[in-house]
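The values are calculated or read from the model by the stated rules, or taken from the named source; none is laboratory data. Small disclaimer: the values here were computed from a predicted structure and weren't measured. As a convention, Cβ positions derive from the backbone with ideal geometry for all residues, glycine included, and neighbour counts pool all protein chains shown.
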Amino acid sequence: MCQSYTVQIQNVVRAATFFQHAGIAMIIVFIPIMAKDITASFLEVGLIVASYSLAQILSELYFGRRSDASGHRMIFIRAGFIGCAIVFGLHYFATDALLLLVARISAGIVTGIMIPAFVAYSYELTGDGRQAATVISFHALGWMVGILATGVVGDIGLAFLVSSAFFVGGFVLTLRLPEAGFGSGPVSGSIRRIISKNRYLFWAVLLRHIAASAVWTILPVILVEYMDAQLYHISVIYVVNTFTAFIIMNMMVHKIQITDRRKIQVGLAGIIPAILGMSIINEWWMAMPFMVLVGISWAMLFVGGNFYLMERNPHSTSSGLFSSTISVATVIGPVIGGTIAAITDYQYVMYVSAIIAGGGLMSSILIPTLSPNETSPDPPPS
């Protein structure tokens, strides 16, 4: 395959990744606000937010493994885009808590079909982790534009329709991509074995994202109800996060030369002061410097964690497990955040979340330092 053609394919993947995550971001950040308009209970808001992640867990585990078994990533990627275009558009008609719950479960299923396959496809496209980071970085750029677009639209209902259009655009772009990936990882080892030999990484990611999800579930509501933030203010705050992540991911090509294991640890360390900082803000704009820390943290953890796994395990299965771990956390985190906020002051959500994130950092210290061709020692029998 000539280099110019490969570069063209990489650019199409970047664009499709951008549309994919712009479509997701237009909805996901503002679901807590929409849910709070439907129900007065913080706990119910947490359950609605968590339902998306619960559905995504099962979908990513199943379809990630199927993608590795078939070797044809594009089937899953295109099916996911089509499903998202339909389901995210139908959010427009979710006028009560039950309909919104069904919509979020459906969204979790269809996003889970394509996310592991697309991350694996992007990684296999370059055969070089550093170059792959620039392709994957467009997921952060998509989030930035998606959040900005919602702020510009200024209406959550209309945002659902624009989100659907993003997915249609992404699907059209995938028609220009080859049917199969550029080689898939071996489909060896059970999911249980992969989890066992990478257990410290999965524990670290799980605890970090439980902490983050607990905070992000209540943060938009706090900004609106306590700090008089408007929809576009929330967009600006989250754009700071995603733009920072985009820059950091691209810097990993030449500027940031550290191991994937170290990236994971930096990512886990960075989220703790960011969460604690959210507990002391009293104006919406004061969240922005802490969102810079969140962006750095997420870029390091996402790239470092995914690449650490994919270098050592089947690609789409690895990506699916990483994403599913995040989804598990976003089932637990919103319930924790919603429950604490319902019974006490919201600052306590930040304190508890910082402690949980600290547990993730401790777990990351135990992640083995291995070359890609080495395997982690088997866990002791239990």
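General remarks:
- Residues of the range 252-269 classified as modelled with pLDDT of 85 or more and either among the aromatic types (Phe, Trp, Tyr) or over 17 Å from the mean Cα position of the chain (by Cα) (or both), total: 8
- For the range 9-54, a tally of residues being outside any helix (DSSP H, G or I) and either without any contact (Cβ under 8 Å) to a residue 24 or more places away in the chain or of a type in the set (A, V, I, L, M, F, W, C) (or both) returns 3.
- ILE147 part of a helix (DSSP H, G or I), β-branched (Val, Ile, Thr) and buried (at least 18 other Cβ atoms within 10 Å of the Cβ): yes
- All positions within the range 38-53 that are surrounded by fewer than 24 Cβ atoms within 10 Å (Cβ to Cβ) and at pLDDT 85 or above: SER51
- Residues (at pLDDT below 90 and surrounded by 20 or more Cβ atoms within 10 Å (Cβ to Cβ)) located in the range 162-196: GLY181, SER184, GLY185, ILE194
- Just one of (1) under 24 Å from LEU223 (Cβ atoms); (2) of a type in the set (Gly, Ala, Ser); (3) buried (at least 21 other Cβ atoms within 10 Å of the Cβ) fails for SER316. It is (1).
- Any hit, the range 253-263, residues being touching a Lys or Arg at 6+ places or on another chain (Cβ under 7 Å) and not in a helix (DSSP H, G or I): yes
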